[in-house]
1. Among what's in segment 105-121 and is part of a helix (DSSP H, G or I) and open to solvent by 20 Å² or more (accessible area, probe 1.4 Å), pick the residue that is nearest to L176 (Cα to Cα).
2. Take L176 and tell me if it is open to solvent by 40 Å² or more (accessible area, probe 1.4 Å) and over 21 Å from F103 (Cα atoms).
3. Look at T204 and say whether it is more than 24 Å from L61 (Cα to Cα) and either among the β-branched types (V, I, T) or open to solvent by 40 Å² or more (accessible area, probe 1.4 Å) (or both).
4. If you check A71 against the conditions, is it open to solvent by 40 Å² or more (accessible area, probe 1.4 Å), aliphatic (A, V, I, L, M) and at pLDDT below 95?
5. From the residues in segment 76-104 that are open to solvent by 30 Å² or more (accessible area, probe 1.4 Å) and of a type outside the set (F, W, Y), which one is farthest from V147 (Cα to Cα)?
6. Could you grab me the full set of residues in segment 122-133 that are in contact (Cβ under 8 Å) with a residue 24 or more places away in the chain, open to solvent by 40 Å² or more (accessible area, probe 1.4 Å) and farther than 14 Å from L165 by Cα?
7. Enumerate the pairs (first residue in segment 12-24 and under 14 Å from A216 (Cα atoms) and of a type outside the set (K, R); second residue anywhere and part of a loop (DSSP other than H, G, I, E, B) and modelled with pLDDT of 80 or more) with beta-carbon separation below 8 Å, excluding pairs fewer than 6 apart on the same chain, so at least 6 apart or on different chains.
Amino acid sequence: MDARKEGLPRNPQFSAQPHLGSLSPFFLTCVAYFLLWIPEDPPSWVGALVKCLPVLCLVGLLRAHSGSGRAYSSLLQGALLFSALGDVFLIWPQAFLYGVLAFGMAQLLYFWAFGLRPLRPGLLLPIILASLPFYGLLLLHLPPDMVLPLTAYALILSAMLWRGLARGGSASWGALLFATSDSVLSWDTFIQPLAHGRLLVMATYYGAQFLITLSAFQSPRLKTN
């Protein structure tokens, strides 16, 4: 297959890598979040801003380094913005379902960005085998009004994980970390509080968003017919 005829880059690794200086706002705001440790404080708009700043920095990174994959980058930016909105909602317990809705939209945009090629349906089996027992246990602990929205979110998250794994590269690791973060959050919130649950949730969450963002700087795999 001729990469030029297919409209694909000759180098299958990277399209345009961000330099360390452009990554520093994300890392600095992550450090600020963990140093201030806002989750221990009463809900506030200051806490919401500190929490979503790392994700907003990733949006800025993508806008500054769109490169050749502008459609993919735009979808990631949309997903990150919905994630930031979800971060704000989750600061206030009474807005939890709005946060679920915002993150559901983010997962749908990630699913769209990752695409359906290569399809790799074989990845669905391990995802189903891993998720069914966990979500079955989770359903036993959910309030009745949260069963439907969280079931829908779990399905969307599983679909995103499937497509992220199929895409490969940093997207696959980001998708895995996102699923891990949400699983820890669900366990900590509804099943049994964990000693360092919030730390695990946010560390894996920021890592997931960072790795998925990095996938915008990796050219898609060359696909065979």
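1. Selected residue: F111.
2. Criteria not met by L176.
3. Here the answer is no, as T204 does not meet what is asked.
4. On the way: open to solvent by 40 Å² or more (accessible area, probe 1.4 Å): yes; aliphatic (A, V, I, L, M): yes; at pLDDT below 95: yes.
Against the criterion (open to solvent by 40 Å² or more (accessible area, probe 1.4 Å), aliphatic (A, V, I, L, M) and at pLDDT below 95), A71 qualifies.
5. Across segment 76-104, the extreme among qualifying residues is L81.
6. none
7. The qualifying pairs are A16/H65; P18/H65.
The values are calculated or read from the model by the stated rules, or taken from the named source; none is laboratory data. These numbers come from a predicted model, not from an experiment. So basically every Cβ, Gly included, is an ideal-geometry build from the backbone, and we count neighbours across all protein chains shown. Side chains are part of the model used for accessible areas, which takes the heavy atoms of the whole protein and leaves out ligands, DNA and RNA. Shrake-Rupley method; radii C 1.70, N 1.55, O 1.52, S 1.80 Å.
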